[in-house]
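In what follows, a single structure is set out as structure tokens and then discussed.
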Amino acid sequence: MTRQSNLGQINLVITNAAMPHMDGCRASRLIRSLDQQIPILLISGHTREHLDEGDNLADVTAFLPKPFTMDEICTQVQTLLDRSMKRSGNA
């Protein structure tokens with residue numbers, strides 16, 4: 001089974017901007033090249049302006065700056081999942 005065949009089972013991707021080997025913006029571009037619809041939430045201790053130099057956030061659905069509360073991330077996740085369900089007609 002390939003990674004691409006599992007994409008339909010993924011409802012949301014949450015990634016950090018700073019990770020070893022591949023940053024979150026690069027990971028988002030790769031994910032987006034495989035699936036145009038999957039919501040991608042990028043979290044970071046950097047500001048949105050700092051990360052968006054050179055259109056780095058073009059493939060990101062939403063951005064959540066650190067630090068954030070549990071309520072903030074839960075609200076963001078629910079919003080993205082609700083939007084995704086409406087787009088796919090499963091709402």
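Distance between the modelled labels on Glu72 and Glu49, one decimal in nanometres: 1.7 nm (7 Å Cα→Cβ projection).
The calculated 222 nm mean residue ellipticity attributable to helices in the chain amounts to -11500 deg cm²/dmol, summing -39500 (n - 2.57) over DSSP H runs of n ≥ 4 and dividing by all residues. Residue-wise HN-Hα couplings along the stretch 62-78, as the Karplus relation 6.51 cos²θ - 1.76 cosθ + 1.60 with θ = phi - 60° gives them from phi, are 8, 10, 10, x, 8, x, 10, 8, 4, 4, 5, 6, 5, 5, 4, 4, 4 Hz; Gly and Pro carry x.
Overall shape: oblate for the stretch 8-91, with the ratio a/c of the largest to smallest alpha carbon gyration tensor axis at 1.5 or above and b/c at least equal to a/b.
The numbers here are math on the coordinates, done by the rules we state, and not lab data. Here the structure is a predicted model, which is why all the values come from computation and not from measurement. Quick reminder, even Gly has a Cβ in these numbers, built from the backbone with ideal geometry, and neighbours come from all protein chains shown.
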